[in-house]
């Protein structure tokens, strides 16, 4: 392209067919009218692009040079607005050469933390053409509001010709402006957490079964501690014997042989082992009394 014959540059990023094949919106087109003869020093411009929410646009960077001017070794930065992202092209590069960059080597470095796309160039013969230096793919947020403008700023680190001599240059910032309607986004609520209730099993029921006594069996329940069980046995001669159990001493009352009444005197309880002796003595006395009575009766008869 001869700079002396160019009076007007109409720069169109891509045709609609190419944009569609790349998934890039046709609205992301920019046309700039520049008269190369009007610039007095090299001018680097960021594009001015319109895009709809969620679109992937091809963003251009232009270089315009006075007649006879060229560049070779440079350092250039594109600083993009928060919310935008830059993606690689189908050649695994962050930039695609344009007419004002095809005679030099371009190297791109992306630093997404500071939202900067850096460009470094080299060339032994230099680049004399004006127009699009490169394009890059920029993704617009899905929730971008129509009317919002995302600023795209250009910064020069160095600008040298093929003899490593400084070349006067300046920059012009650009933008991406949102048009149309925001894309609808579907929000799916997370399901409510499932609550599991665990009910403890009831305590086991304890059943006590008492077996009935076998037929013909007599069950005797002892008297409480300290209680007294008394048994009275009647004798043939009219006397009685009372035996105490469960903590009380046995008491024996003998009926006098004469038939008289007893004085009611109470015999003290004997120690353990003496009760049997007392009973035997009483029995002998009763027997002796009965023998005397029988002898007396015979004599009277």
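Rule-based calculations on the coordinates, nothing more; no lab input. Computed from a predicted model, the values in this text were never measured in an experiment. When we count neighbours, we look across all protein chains shown, and the Cβ atoms used for this are built from the backbone with ideal geometry, even at glycine.
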Residues 132, 104 in order from fewest to most other beta-carbon atoms within 10 Å are 104, 132
How large is the translational diffusion coefficient of the range 58-119 in µm² per second when you combine the Kirkwood radius over alpha carbon pairs with Stokes-Einstein at 25 °C and 0.890 mPa s? 187
With a 10 Å Cβ neighbour count serving as the proxy for reagent exposure, in which order, fewest first, do 167, 138 appear? 167, 138
Place a point 7 Å from the Cα of residue 92 along the Cα-to-Cβ direction; which residues of the range 101-145 have their backbone N under 15 Å from it? 108
Between residue 114 and residue 39, take the C-beta separation as r, use R0 = 30 Å, and let me know the FRET efficiency to the nearest 0.05. 0.50
Would you please state which residues of the range 45-64 a label at residue 162 would reach in this model, taking the label point 7 Å out along Cα→Cβ and a backbone N cut-off of under 20 Å? 63-64
Which order do 62, 80, 128 fall in if you start with the one that has the fewest other Cβ atoms within 10 Å? 128, 80, 62
